[in-house]
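Asker: Got a structure here, written out as structure tokens. Questions coming.
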Amino acid sequence: MRRFSLTSLLSESLRGHTGWGRQWRAPEPKPRYDVVIVGGGGHGLATAYYLATVHGITNVAVLEKGWIGGGNTGRNTTIIRSNYLYDESAAMYEHALKLWEGLSQELNYNIMFSQRGVLMLAHNIHDVQSFKRHVYANRLNGIDNEWLSKEECKEFCPPLDISGSLRYPVLGGALQRRAGTARHDAVAWGYARGADDRGVDIIQNCEVTGIRRDASGAAVGVETSRGFIGAGRIGVVAAGHTSTLMSMAGVSMPLESYPLQALVSEPVKPCFPCVVMSNAVHAYLSQSDKGELVIGAGTDQYTSYSQQGGLHITTHTLDAICELFPQFTRMRMLRSWGGIVDVTPDRSPIIGKTPVPNLFVNCGWGTGGFKATPGSGHVFAHTLATGTPHAINAPFTLDRFRTGRLIDEAAAAAVAH
């Protein structure tokens, strides 16, 4: 991998940037790998990268049925935060946030990480009590979070309407200043470059059609559209399609897959300094580096693998945005899209072993998977490499749905973010 630097950029500028090679190889699959990762999104690529860099396991393949970053990694609203309520969740997302803070330097790739702050608005007494509880819980876990009055919210985010005439008046908000956004495509590309440079094979257009098990019941490889590929261990990191893949090995997952929609406006000059979220009116907003207003909604009310979703969901979201930020009422929408999210009963992920020997799974991130990308990959790589969970992902086992030790983060994930 050719490193990016001031010297390399200047030298290439003198020759029209014609000297840059492919950012990662396009290898043919080997007959067998030590680890096969099913899913070429951010979590899968991060897992491969940390397997190589932290654990020295480089005989790894990442199998992607489409193209790198073509799934949920390229279909989200890029929000990063760690202000989750429960200790287990806070540890996971704070671990990820700390990795985010140095990721551009580590990957030698600008992921456009911007710690512009995430402000979560309170519109009623319940919201106030709930968010103050979050603030206190976060501080006990060493995570930055603070309560702002409505006037302080207005000062931090000038376009916000705090008048008492709103249907849901703003009473205050919880602010995590270290939170922010990153460029989703750049994250996938950066991890792909880093993993490939360390010998990982990234194989696109390679759909997994089956998981082969031996006479003892252990997983020994995957059937794909490009033939059988043997594996010492298999990690499934396939978001909304996890249930389908795991059923190939006879494993039933406690997951439901829903469409999740987002949209962007026409680009305008910088006018929105942070990320604002509102659970009560079910909408959130930020501004991209290109000037577009990035708007997200909640999940659709039905399970589906559609990437379109219902029009009434986006209409409701735009109504809420126009009420909170009247200056945007005449903005025109540029495009919308949808993704497929995998949701568990307690809205927390599943990371670890499965009942099938040599088969591991990383799924159930629901609407908040992007923010966990580096942390998820780091701890899942540890689990795949050692066969035992990292201390951070130890509580997020599949077995918790049998024992009842749930991590109910439904309130923290009430808005898709």
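The values are calculated or read from the model by the stated rules, or taken from the named source; none is laboratory data. The shown structure was predicted, so the numbers you read here are calculated from the model rather than taken from an experiment. Here Cβ is always computed from backbone atoms with ideal geometry, including for glycine, and neighbour counts include all displayed protein chains. Calculation scope for accessible area: heavy atoms of the full protein, side chains included, ligands and nucleic acids excluded. Shrake-Rupley method; radii C 1.70, N 1.55, O 1.52, S 1.80 Å.
Asker: On the protein heavy atoms, probe 1.4 angstrom, tell me the percent of accessible surface of region 16-134 carried by carbon and sulfur.
Answerer: Working: 2400 of 4710 Å².
Of the solvent-accessible surface of region 16-134, carbon and sulfur hold 51 percent.
Asker: Which value, in debye to the nearest 20, describes the size of the charge dipole of region 165-298 about its Cα centre when Lys and Arg Cβ atoms bear +1, Asp and Glu Cβ atoms bear -1, and nothing else is charged?
Answerer: Working: 12 positive and 11 negative charges, 81 e Å.
It works out to roughly 380 debye.
Asker: For the charge dipole of the chain, defined by +1 on Lys and Arg C-beta atoms and -1 on Asp and Glu C-beta atoms about the Cα centroid, which residue among Ser247, Leu9, Tyr33 has the Cα displaced farthest towards the positive pole?
Answerer: Leu9
Asker: Ok, one more. Where does the chain land at 222 nm, in deg cm²/dmol rounded to the nearest 500, when only DSSP H runs of n ≥ 4 count, each adding -39500 (n - 2.57), divided by all residues?
Answerer: On the way: 11 runs with 114 residues, N = 417.
So the helix-based figure for the chain works out to -8000 deg cm²/dmol.
Asker: Also: In Å², what does the accessible area per residue of the chain work out to with a 1.4 Å probe? Walk me through the numbers on the way to the answer.
Answerer: Working: 17040 Å² over 417 residues.
On a per-residue basis, the chain sits at 41 Å².
Asker: Quick one: what does P(r) look like for region 3-54 with 10 Å bins over all Cα pairs, in whole %?
Answerer: Percent of pairs per bin, in order: 18, 34, 26, 20, 2.
Asker: Find how many whole Å separate the alpha carbon centroid of region 21-84 from the alpha carbon centroid of region 206-231.
Answerer: 18 Å
Asker: Taking the alpha-carbon distance from Lys290 and a cut-off under 30 Å, which lysines remain once sequence neighbours fewer than 8 residues away in the same chain are dropped?
Answerer: Within the straight-line cut-off, Lys290 pairs with Lys65, Lys98, Lys150, Lys154, Lys269, Lys371.
Asker: Would you work out which of Ala96, Asn358, Gly227 lies farthest towards the positive end of the dipole of the chain, given +1 charges on the beta-carbon of Lys and Arg and -1 on that of Asp and Glu, about the Cα centre?
Answerer: Positive-most Cα among the choices belongs to Gly227.
Asker: Something else now. Compute the acute angle (0 to 90°) between the alpha-carbon long axis of helix 184-197 and the principal axis of greatest extent of the alpha-carbon atoms of the chain; round to the nearest 10°.
Answerer: Helix 184-197 and the main axis of the chain meet at about 20 degrees.
Asker: Taking the Cβ of Asp87 as the centre, find all other residues whose Cβ is under 13 Å away and add up their charges (Lys, Arg: +1; Asp, Glu: -1).
Answerer: Overall, the nearby charge balance is -2.
Asker: Pairing the Cα long axis of helix 311-324 with the longest principal axis of the chain, what angle in degrees results, from 0 to 90 and rounded to the nearest 10?
Answerer: So the inclination is approximately 40 degrees.
Asker: Per-residue HN-Hα couplings for region 368-384, Karplus 6.51 cos²θ - 1.76 cosθ + 1.60 at θ = phi - 60°, whole Hz, x for Gly and Pro?
Answerer: x, x, 4, 4, 8, 3, x, x, 4, x, 5, 6, 6, 4, 4, 5, 5
Asker: Take region 178-271, compute every pairwise Cα distance, and split them into 5 Å bins from 0; I just need the percent in each bin.
Answerer: All Cα pairs considered, the percentages come to 2, 9, 14, 17, 16, 15, 11, 7, 4, 3, 1, 0, 0.
Asker: Treating only the Cβ atoms of Lys and Arg (+1) and Asp and Glu (-1) as charged, compute the dipole magnitude of the chain about its Cα centre; round to the nearest 20 debye. Let's see the in-between values first.
Answerer: Details: 38 positive and 35 negative charges, 129 e Å.
Taking the Cα centre of the chain as origin, the dipole is about 620 debye.
Asker: Turning to a different aspect of this structure: With θ taken as phi - 60° and the coefficients 6.51, -1.76 and 1.60, list the Karplus ³J(HN,Hα) couplings across region 253-263 in order, rounded to whole Hz; mark glycine and proline as x.
Answerer: 9, x, 10, 10, 10, 10, x, 9, 10, 8, 7
Asker: To continue, here is another question. Of all the C-alpha pairs in the chain, what % are more than 27 Å from each other?
Answerer: Details: 44072 of 86736 pairs.
Counting pairs separated by more than 27 Å, the tail of P(r) holds 51 percent.
Asker: Within a Cβ distance under 15 Å of Gln176, other residues only, what is the Lys/Arg minus Asp/Glu net charge? Numbers along the way, then the final one.
Answerer: Numbers: positive: Arg81, Lys98, Arg116, Lys132, Arg133, Arg139, Arg177, Arg178, Lys371; negative: Glu94, Glu101, Asp144, Glu146, Glu152.
That sum, taken over residues with Cβ under 15 Å, equals +4.
Asker: Shifting gears a bit: Let me check I've understood the local charge: for Leu160, count other residues with C-beta under 14 angstrom from its C-beta, Lys and Arg +1, Asp and Glu -1. What total comes out?
Answerer: Values: positive: Lys150, Lys154; negative: Glu151, Glu152, Glu155, Asp161, Glu323.
Around Leu160, the surrounding residues sum to -3.
Asker: Quick check on packing: order 278-285, 34-41 by the mean number of other C-beta atoms within 10 Å, highest mean leading. Numbers along the way, then the final one.
Answerer: Working: 278-285: 22.6, 34-41: 27.0.
Sorting 278-285, 34-41 by mean packing, highest first, produces 34-41, 278-285.
Asker: Have a look at the DSSP beta bridges in the chain and tell me what percent are antiparallel, nearest 5. Can you show the working numbers first?
Answerer: Numbers: 46 of 66 bridges.
Bridges in the chain that DSSP calls antiparallel: roughly 70 percent.
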